[in-house]
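All remarks here apply to the structure that follows.
A short reminder: the numbers here are calculations on the coordinates, not readings from a lab. None of these values were measured; they are calculated from a predicted model. Cβ placement follows ideal geometry from the backbone for every residue including glycine, while neighbour counts extend to all protein chains displayed.
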Amino acid sequence: MKKILLLFLLLIVIISFPISSEAKTKAKKLPDILTNNTEYNKKKLKYAYYIPKTAENPTEALVLVPGLRGQGKRMITPEWKKLADEQKWLIIAPTFVFEGEKAFKEQQSYQYPKAWSGEAFNTIFKQLAEEKNIRINSLYMMGFSAGAQFVGRYIFLYPEKVKKAAIIASGDNDTVSRKIPTEIFYGIGEKDKPIRQEAAEKFIEEAKKRGISIVNKIYPKTAHRYTKDMRTDIMAFFRQN
């Protein structure tokens with residue numbers, strides 16, 4: 001009799017226990033983006049995103065672009081989520097597929113947003129507006145290595161969209177031909193390859209000549225890495241008014 005009573009009480013508790021809001025509002029996975037560019041024939045641009053707990057409809061986004069063959073979803077770590085919650089930012093992290101050295105030399109790979117990747121990336125925000133009613137007005141962008149090449153070129157194509165950008169260990173940059181309002185942080189390891197050191201020095205010098213707001217930092221005893229110290233400095237840079 002006691003066992004039956006205990007089972008009855010347990011059943012009441014289970015039935016009355018509230019379902020979490022997360023379970024009730026589980027987000028539908030957004031479809032991958034298909035680009036219109038023939039050079040990217042039938043391939044998809046995948047991306048991960050995080051909606052801050054502090055804002056259902058954020059108007060600003062933090063963009064994290066990984067290095068060559070990196071996965072966007074792995075960029076969205078707890079430290080970045082914490083910043084996004086604090087600033088009420090959406091996080092977007094694309095996963096670009098590298099098409100090979102031939103495409104890179106012809107400036108048709110994703111590192112060159114004029115080719116196709118810029119259009120594909122912008123489609124993410126159209127999709128979020130249609131599917132999630134999230135309308136983003138401005139961006140904070142961070143890219144590492146090949147991702148830094150994308151970011152460093154994107155900000156000159158769409159400077160009105162990007163408030164701040166962090167370029168980390170880019171191996172190739174375009175000539176800085178004009179002034180843009182985007183504020184830039186440029187970081188690189190002291191022991192990174194000479195080609196990246198030279199790219200950094202040239203970009204920083206040209207940006208300063210054009211009157212662009214840019215700060216740079218060389219990280220001692222660091223090779224081609226995306227380190228915690230770098231992330232700490234980038235976050236501090238993004239937080240500054």
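A single entry from R239, R153, R231, R225 fulfils the requirement of being in contact with a Leu (Cβ under 9 Å, 6 or more places away or on another chain), charged (D, E, K, R) and under 20 Å from V63 (Cα atoms): R239. Taking the criterion of being touching an Asp or Glu at 6+ places or on another chain (Cβ under 8 Å) and among the small types (G, A, S), the residues of segment 189-241 that qualify are A199, S213, A223.
Being under 18 Å from Y226 (Cβ atoms), more than 12 Å from the chain's Cα centre (by Cα), among the hydroxyl-bearing types (S, T, Y) and surrounded by 18 or more Cβ atoms within 10 Å (Cβ to Cβ) is a property that S145 has.
In segment 183-202 there is at least one residue that is of a type in the set (A, V, I, L, M, F, W, C), within 23 Å of E106 (Cα to Cα) and buried (at least 20 other Cβ atoms within 10 Å of the Cβ).
Here's the yes/no breakdown for (1) in contact with a Phe, Trp or Tyr (Cβ under 8 Å, 6 or more places away or on another chain); (2) touching a residue at least 60 places away in the same chain (Cβ under 8 Å); (3) within 17 Å of L157 (Cα to Cα):
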{"position": "R178", "(1), (2), (3)": "yes, no, yes"}
{"position": "G187", "(1), (2), (3)": "yes, no, no"}
{"position": "Q197", "(1), (2), (3)": "no, no, no"}
{"position": "I212", "(1), (2), (3)": "no, no, yes"}
{"position": "N216", "(1), (2), (3)": "yes, no, no"}
